Amino acid sequence: MIEARLLRMETYLGFRLLTDSEASAILDGETVPKAKAGPIPAGDGELEMEIGEYWLARVGVLALCVGMAFLVAFPFPGLPSFISCLIGYTASAAFFAVAGRWRHSKPDASSILYAGALFLLFFATVRLHFFSAHPVVEDSGAGLGLLALVVGLGIILAVRTRGELTTSLAFAIGMAAVAISDTPWFQFSLLVALACAAYTVVQIRNWPRLGLAVTALTYLLHVDWLLNNPLVGHALQGVAAPHGNLFALAAYSLPLVAVGFRKGAIEDHMAIRIGRAVLTSAGAMLIALINVQLFSGGTRPWVETVVAISMLAAAFAYWRHHQSVYATSIYACVGYMLLSIAIVRYFPAPGFYGWLAWQSLLVAVTAVGYRSKIIIVANLFIFGGIYFTYLVLGEATGPVDLSFAVVALLTARVLNWKKANLDLRTELMRNLYLGAATIVIPYGLFHTVPKGWVSTSWLGVAICYLLVSAILRNRKYRVMGIGTILATVIYVFVVDLSRLEPAYRIISFLMLGLVLLGVSLAYSKQRRRERDARTKPSAL
């Protein structure tokens, strides 16, 4: 294998083969003249030689494979049907023999022939039972068993003797067998086996791109099965029964997710790590939602909840294993998205808006623990989108409004408490949460307390803001208090003055006047204290 790789590298770079004398000189430590050992300059015939030696061989093997496939599929009148399959096996054996003979002398052509041999072996085996009016093997179990045997043999041989590309072809043949079989128990069993095999191969050979391709095809074929296998020509519709496909989802997702925990996974390219997390999480979510739509629409949201917990567990595992920020954030976001869907399905409207708000606080706490600015930013937009949807579509209720307000205040405190963990260099997100609380709390009180006490309740909130500002020595809460007081002034003169009964009107104006005077006196005292501190002579 080492000799084959070196020969391929030297051929690609344009180095000529060493003579025996040059090889001896190098081993003896002597310097070989540059004119003899240097690369051959590319001439006018270099492209011609490249095409003639390599690309014509690739196209030729492809043409032979296609021709042999048509020959295997062609029905010979008057001859037994196994003759076509025998032709395919004979051609495959010939390809294998030539590929082995050329393994060292012509490694590139050997790999191409080996790939063609795998294809012909698979196609001949498919013809034993599938796509034939008079199959050689009539028993479906035997036909599926032979198909699985060929897939397993192809993967083993490819891993032991060939490179990543040929092994990828062997796995692609396995995925084709999944689609062709059109039998649920066989399809899911083979998907689980291929996922475990992919984890083993990536672990041994360190081929992360192979794992990424197997992950994409696995979830694609599962979705294809749920939609009645349109890839093999069936009508696009939902399947009639689940056939335990969610258990298969759990079984093959474990090795596919575990690819990211193998030794050396942290050294994978960032695009591969992100793609792996996106494919596994998005694929699991899509399959779960299709199952809900087809089989669990009227039941409790157990499917979404279980898959959401699994995604959150994967996020926690990624963080504990090597603190992968991107994978952790992707799994966590998908998990909380599924949890949101479960909440919407379980709780009646408009109550689920309040639960979604409290989940937003949980997401913020999780983001602080994972030090993920991605989750924080996503949570901010989701929180705003949920509240806007509630204002437009939901029936306004006091408890839900207050839930949003309390969550906004607590989230701002969490972000301020652990902002060093998040490396937040701006207060923008925290200010947005505080601003949301400043608007949401008066709005919630407006829908909760009796109309005559709205302005009084707003003044109470403003006083609370001012007290919190004094305790925490935080100017932002003082600004929130002043803003609430100004909103109260407008409400008293516009609404209370024209709509309230005289008794409530008197109370509103008296409370407003007392609070305004008290706040004014507090500001005057604070300003006098600051002025005295500036003018006081310093001690000598």
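The values are calculated or read from the model by the stated rules, or taken from the named source; none is laboratory data. Predicted model only: the values in this text are computed from it and were never measured. All Cβ positions, even for glycine, are placed from backbone atoms using ideal geometry, and neighbour counts span all protein chains on display.
Structural remarks
- Residue match in region 393-412 (condition: surrounded by 22 or more Cβ atoms within 10 Å (Cβ to Cβ), touching a Lys or Arg at 6+ places or on another chain (Cβ under 6 Å), touching a residue at least 12 places away in the same chain (Cβ under 8 Å) and outside the structural domain of Ser469 (by TED's automatic domain parsing)): yes
- Checklist (1) in contact with a Ser or Thr (Cβ under 9 Å, 6 or more places away or on another chain); (2) outside any helix (DSSP H, G or I); (3) hydrophobic (A, V, I, L, M, F, W, C); (4) within 21 Å of Ser189 (Cβ to Cβ) applied to Leu149, failing item: (2)
- Looking only at region 459-477, and only at residues there that are among the charged types (D, E, K, R) and surrounded by fewer than 18 Cβ atoms within 10 Å (Cβ to Cβ), the one that is nearest to the chain's Cα centre (by Cα): Arg475
- Qualifying residue in region 180-196 (condition: more than 26 Å from the chain's Cα centre (by Cα) and surrounded by 21 or more Cβ atoms within 10 Å (Cβ to Cβ)): yes
- Near pairs, Cβ below 6 angstrom, 6+ apart or cross-chain, from region 456-470 (closer than 11 Å to Ile485 by Cα) to any residue that is β-branched (Val, Ile, Thr) and part of a helix (DSSP H, G or I): Trp458/Thr484; Trp458/Thr488; Leu459/Thr488; Leu459/Val515; Val461/Ile441; Val461/Thr484; Ala462/Thr484; Ala462/Ile485
- Filtered by the rule that a residue be within 14 Å of Tyr433 (Cα to Cα) and under 20 Å from the mean Cα position of the chain (by Cα), region 364-400 gives Ala364, Ile376, Val377, Ala378, Asn379, Leu380, Phe381, Ile382.
- Candidates are the residues of region 235-294 that are assigned to a helix (DSSP H, G or I) and charged (D, E, K, R); the one that is surrounded by the fewest Cβ atoms within 10 Å (Cβ to Cβ) is Glu267.
- Residues that are crowded, with 17+ Cβ neighbours inside 10 Å and closer than 14 Å to Ala284 by Cβ within region 304-326 comprise Glu304, Thr305, Val307, Ala308, Ser310, Met311, Leu312, Ala314, Ala315, listed in sequence order.
- One residue from Val257, Val223 being over 21 Å from Phe316 (Cα atoms), modelled with pLDDT of 90 or more and within 18 Å of the chain's Cα centre (by Cα): Val223
- Single residue of region 110-141 satisfying the filter (among the small types (Gly, Ala, Ser) and more than 38 Å from the chain's Cα centre (by Cα)) that is surrounded by the fewest Cβ atoms within 10 Å (Cβ to Cβ): Ala133
- Listed by first and then second residue, the pairs with beta-carbon distance under 7 Å, at least 6 apart or on different chains, first residue in region 282-306 and closer than 20 Å to Cys333 by Cα, second assigned to a loop (DSSP other than H, G, I, E, B), are Val303/Ser296.
- Within region 338-394, considering residues that are polar (S, T, N, Q) and assigned to a helix (DSSP H, G or I), the one farthest from Ala282 (Cα to Cα): Thr389
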